[in-house]
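Structure first, commentary second.
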Amino acid sequence: MAAYPSLPQHIGIIMDGNGRWAKQRGLPRAEGHKAGVKVFERISEYAAALGIPCLTFYAFSTENWQRPAAEVQAIMALFRRQLDEMEARWEENERKRFRIRYIGDLEPGGPVPEDIIRKLRDMEARARDKDKTIVNIAVNYGGRQEILRAARRAAALAAHGALRPEEISEADLEAGLYTAGQPAPDLIIRPSGELRLSNFLLWQSAYAELWFSDVLWPDFTERDLDTALEDFSRRHRRFGDIGDPPPSSLSF
Ligand code: FPP
């Protein structure tokens with residue numbers, strides 16, 4: 001396992017290319033997502049072994065509901081299966097180096113099936129070791145919606161007199177994000193040749209390094225993560241300043 005001079009504290013990963021991977025093999029798209037879940041598990045374990053404290057995987061966006069119903073159902077079935085496997089193999093799961101959290105709009109009454117919400121909240125609550133690498137799975141997630149939710153929370157506090165509107169700070173807004181308390185992602189990885197963020201971690205990735213690759217997600221390996229990490233460790237992060245160390249407040 002490689003050692004890097006500087007490791008990201010939080011990596012965001014857009015698991016893209018599952019559909020094309022399946023198509024190339026003449027398989028239904030759902031098979032690509034199934035293969036994608038295996039890669040998700042391998043990469044989570046590897047990144048945790050490297051000592052990366054936090055990862056976020058984009059699994060299902062607020063826009064993905066527009067996909068054909070059969071594909072949406074297949075992805076929901078994969079969430080269910082993964083949760084059931086975690087439950088059935090709890091002791092083995094507890095030996096893993098990472099623990100899973102779920103982020104996104106997972107309020108009861110929303111589009112995510114209630115049984116999935118119940119299962120995933122139950123899994124989160126049962127995790128014993130709170131010091132492991134955090135793996136966030138973003139489900140029914142949208143970056144703009146997340147910012148809106150945080151703004152509404154701050155507005156509600158202001159309406160109740162708990163915050164003065166002119167004093168609302170970045171920290172106040174960050175407290176309302178799903179990732180509150182976690183380091184901001186300093187590396188965002190998107191495989192499959194697309195060069196955009198697609199509404200992923202919009203607030204948090206303000207200063208993230210972006211890394212793209214043509215590899216389709218089901219073909220993504222530990223070596224690809226190594227390549228991204230090598231690249232990351234060579235980049236000179238300036239945070240809007242002319243050199244390091246980073247200033248305490250962010251500026252252009
Ligand atoms: C993007 O590839 C992938 C998705 C929208 C779904 C990803 C979901 C999973 C891998 C399941 C996650 C489940 C767990 C438990 C982590 P695409 O379908 O847009 O691929 P394409 O661009 O080649 O069509």
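What to note about this one:
- For region 143-150, Karplus couplings with θ = phi - 60° (6.51, -1.76, 1.60), whole Hz, Gly/Pro x: x, 5, 4, 5, 5, 4, 4, 5
- Highest-MSF residue in the chain out of Ala88, Ala228, Ala175 [GNM, Cα springs under 10 Å]: Ala88
- If a spin label sat at a point 7 angstrom from the Cα of Arg153 along the line to its beta carbon, the backbone N atoms of region 101-121 nearer than 15 Å would be those of 102-107.
- Charge context of Ala2, other residues only, Cβ under 9 angstrom, K/R +1, D/E -1: -2
- Solvent-accessible area per residue in the chain equals 52 Å², computed with a 1.4 angstrom probe and all protein chains kept.
- Theoretical gain in end-to-end length, Gln24 to Leu106 [0.36 nm per residue, Cα-Cα removed]: 26.2 nm
- q = 0.11, 0.14, 0.15 Å⁻¹, region 107-252: log10 I(q)/I(0) [Debye, one scatterer per Cα]: -0.60, -0.96, -1.08
- Taken along its three principal axes, the alpha carbon spread of region 1-104 comes to 43, 32, 28 Å, from the longest extent down to the shortest.
- Percent breakdown of C-alpha pair distances by 5 Å bin, ordered from the shortest bin, for region 29-175: 2, 8, 16, 19, 18, 15, 11, 6, 4, 2, 0
- The average projected area of region 1-40, computed from the convex hull of its Cα atoms over all directions, is 4.0 nm².
- Alpha-carbon radius of gyration plus Dmax, which is the widest Cα pair, for the chain in Å: 18.7, 59
- Stretched out straight at 0.36 nm per residue, the stretch from Ser6 to Ala70 would grow longer than its current Cα-Cα span by 18.8 nm.
- In this structure the amide hydrogen of Glu209, modeled in the peptide plane, comes within under 5 Å of the amide hydrogens of Leu187, Ile188, none closer than 5 places in sequence on its chain.
- Where a label projected 7 Å from the Cα of Arg118 along Cα→Cβ would reach, residues of region 53-83 with amide N under 16 Å: 80-81, 83
- Fully extended contour minus Cα-Cα distance, from Gln145 to Glu167, at 0.36 nm per residue: 5.7 nm
- Seen from Ala77, the other residues with C-beta closer than 11 Å to its C-beta sum to a net charge of +1, counting Lys and Arg as +1 and Asp and Glu as -1.
- For region 184-236: Kirkwood Rh in Å [reciprocal of mean 1/r, alpha carbons]: 11.7
The values are calculated or read from the model by the stated rules, or taken from the named source; none is laboratory data. Because the structure is predicted, anything quoted here is derived from the model rather than measured. Ideal geometry is used to build each Cβ from the backbone, glycine not excepted, and the neighbour counts take in all protein chains shown. We work out accessible area using only protein heavy atoms, side chains counted, and drop any ligands, DNA or RNA first. Shrake-Rupley method; radii C 1.70, N 1.55, O 1.52, S 1.80 Å.
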